[in-house]
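Q: Sharing a structure below in structure tokens format, with a few things to ask.
The values are calculated or read from the model by the stated rules, or taken from the named source; none is laboratory data. All values derive from a computational prediction rather than experimental measurement. Every residue, glycine as well, gets a Cβ built from its backbone with ideal geometry; the counts of neighbours run over all protein chains shown. What goes into the accessible areas is simple: the full protein's heavy atoms, side chains included, and nothing from ligands, DNA or RNA. Shrake-Rupley method; radii C 1.70, N 1.55, O 1.52, S 1.80 Å.
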Amino acid sequence: MIRYYLFLLATIMAVNARAESVYYLHELSRCEVSLFENKEFKVVNGKQFANVILDARSPAKNPDYIVFKIHNQIFVTRESCVMNVDKTKINNDLQGNEFKKKPRDMSEGEKFKSYKYFAEIDFGSMKVSDEGPVASDYNEVFPSTSATNPTSWGKAENSSYSSGSLLSLGFGLRSNQNRFLAFKLRLSNGKKSDALDLTDLNTSISERGTWVYEDSFKNFYVGYKFIFLDDSAWKPIVAAYIGASHMSSTLSDSVSTYELSSLGIAALIEAGIEYHLNSHWGVGMNLGYEYLGKKSLKFQDESSGTNFTSNMSYSNQYFTLGLKYYFK
């Protein structure tokens, strides 16, 4: 239907369009010539028009195309595939790339689709829902070693995990129109307190105390980010990642301090929306879920305590706001 419309415009070009002498740049990419014949368009070999001055006309209502006639046959090509003969001297060795025509103005959506990479930085907060104690039984973590003054740990109370800062750095490269292969580094921290009693078994006297964990996470992910509505300033996104989580933790009771660490698998999914100020820059908001699960905690000094698997899960829900940049 569009081509038929172009043909109708071509039939009245003498009235509505101005003639221009042009050369056809036959070896530029995506440049082809179509012949209108028997009410159909057929692609023809463009080399026959190389170095030939063409009397072309641009339909007033569709300047992206030009129309020319040779031997009473009508041909159509894109306006970006020709150049005015007055702009430069062309010899018989013309290959089609000696003259770089001024590109037509692209829309913000078209510019965005041409970008291959993105980089982003996000800040936010996370919430760990599990309120159980980190260690299920502190008698296994710190067993009593005194034969004359044996002690026993009580059960730790539930408490909320206090999340600190969350920083996310991302980079990706486009794998198709709506999908990016993406990499993400997430840096976060938090604190957890386990309050419990330590009882002297000889006297049955108990003393209240608290073990405080100060955690730091470095999580690296690889996955895919999907972005939709390329031509809109508002672009919904969804993403899924899998990776590795390194956790380091300081365990202290105000008297003794121990260093622990853990390495395990991690995964996250997120959804959000980006508002693009232009084709390059945008701001985004994401909601997500990060799976970290229970951690196998190891003491840096093996004589300090017994390695253990955490009773609580560090999986969390999170919210971020950030800046996005897309580029070639």
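Q: Return the residue satisfying two criteria in turn: it lies in region 116-151 and is in a strand (DSSP E or B) and hydrophobic (A, V, I, L, M, F, W, C), and of such residues it is farthest from Y213 (Cα to Cα).
A: F118
Q: From the list N158, N139, pick out the single residue that is open to solvent by 70 Å² or more (accessible area, probe 1.4 Å) and under 23 Å from K295 (Cβ atoms).
A: One residue alone meets the criteria, N158.
Q: Please specify each residue of region 208-231 satisfying the condition of being farther than 26 Å from N286 by Cα, of a type in the set (S, T, Y) and either open to solvent by 90 Å² or more (accessible area, probe 1.4 Å) or within 15 Å of the chain's Cα centre (by Cα) (or both).
A: none
Q: Could I ask something else about it? Within region 89-115, count every residue that is modelled with pLDDT of 90 or more and assigned to a loop (DSSP other than H, G, I, E, B).
A: 1
Q: Sticking with this structure for a sec: Those residues that are under 18 Å from N189 (Cα atoms) and either acidic (D, E) or open to solvent by less than 20 Å² (accessible area, probe 1.4 Å) (or both), I need them from region 162-175; list them, please.
A: Within region 162-175, L166, S168 qualify.
Q: Can you tell me which of (1) open to solvent by 50 Å² or more (accessible area, probe 1.4 Å); (2) in contact (Cβ under 8 Å) with a residue 40 or more places away in the chain is the one L297 doesn't meet?
A: Of everything listed in (1) open to solvent by 50 Å² or more (accessible area, probe 1.4 Å); (2) in contact (Cβ under 8 Å) with a residue 40 or more places away in the chain, L297 misses just condition (1).
Q: Just one of K192, K184 is at pLDDT 95 or above, farther than 30 Å from F226 by Cβ and part of a strand (DSSP E or B); which is it?
A: K192 is the lone residue from the list that is at pLDDT 95 or above, farther than 30 Å from F226 by Cβ and part of a strand (DSSP E or B).
Q: V255: hydrophobic (A, V, I, L, M, F, W, C) and modelled with pLDDT under 95, yes or no? Steps first, answer last, please.
A: Values: hydrophobic (A, V, I, L, M, F, W, C): yes; modelled with pLDDT under 95: yes.
For V255, the condition - hydrophobic (A, V, I, L, M, F, W, C) and modelled with pLDDT under 95 - is met.
Q: On to the next question. Give the number of residues within region 36-83 that are closer than 11 Å to Y24 by Cα and out of contact with any Phe, Trp or Tyr (no Cβ under 8 Å at 6 or more places or on another chain).
A: 4
Q: Next question, about the same structure. Counting just the residues of region 232-256 that are more than 22 Å from G190 (Cα to Cα) and small (G, A, S), which one comes out surrounded by the most Cβ atoms within 10 Å (Cβ to Cβ)?
A: Checked region 232-256; the qualifying residue surrounded by the most Cβ atoms within 10 Å (Cβ to Cβ) is A239.
Q: Scan region 196-244 for residues that are polar (S, T, N, Q), closer than 24 Å to L323 by Cα and in a strand (DSSP E or B) and report the count.
A: Looking only at that region, the number is 2.
For (1) at pLDDT below 55; (2) of a type outside the set (D, E, K, R); (3) surrounded by 13 or more Cβ atoms within 10 Å (Cβ to Cβ), each residue gets a yes or a no:
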| position | (1), (2), (3) |
| --- | --- |
| Y5 | yes, yes, no |
| S29 | no, yes, no |
| K42 | no, no, no |
| N51 | no, yes, yes |
| D55 | no, no, no |
| K87 | no, no, no |
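Q: Here is a further query. Counting only residues that are surrounded by 21 or more Cβ atoms within 10 Å (Cβ to Cβ) and either under 30 Å from V238 (Cα atoms) or at pLDDT below 95 (or both), how many does region 258-273 have?
A: 4
Q: Name the single residue that is farthest from the chain's Cα centre (by Cα) among those in region 189-203 being under 23 Å from Y314 (Cβ atoms) and either open to solvent by 30 Å² or more (accessible area, probe 1.4 Å) or of a type in the set (A, V, I, L, M) (or both).
A: Here the residue is L196.
Q: Which condition number does R186 fail, the rest of (1) among the basic types (K, R); (2) free of Cβ contacts under 8 Å to residues at least 60 places away in the same chain; (3) surrounded by 14 or more Cβ atoms within 10 Å (Cβ to Cβ) being met?
A: (2)
Q: Determine if region 50-59 includes at least one residue that is touching a residue at least 40 places away in the same chain (Cβ under 8 Å), within 16 Å of S21 (Cα to Cα), part of a strand (DSSP E or B) and within 43 Å of the chain's Cα centre (by Cα).
A: Within region 50-59, not a single residue is touching a residue at least 40 places away in the same chain (Cβ under 8 Å), within 16 Å of S21 (Cα to Cα), part of a strand (DSSP E or B) and within 43 Å of the chain's Cα centre (by Cα).
Q: Ok, one more. Have a look at Y326, Y314 and point out the one that is open to solvent by less than 20 Å² (accessible area, probe 1.4 Å), in contact with a helix residue (DSSP H, G or I) (Cβ under 8 Å, 6 or more places away or on another chain), of a type in the set (S, T, Y) and modelled with pLDDT of 95 or more.
A: None of the others qualify; the one that does is Y326.
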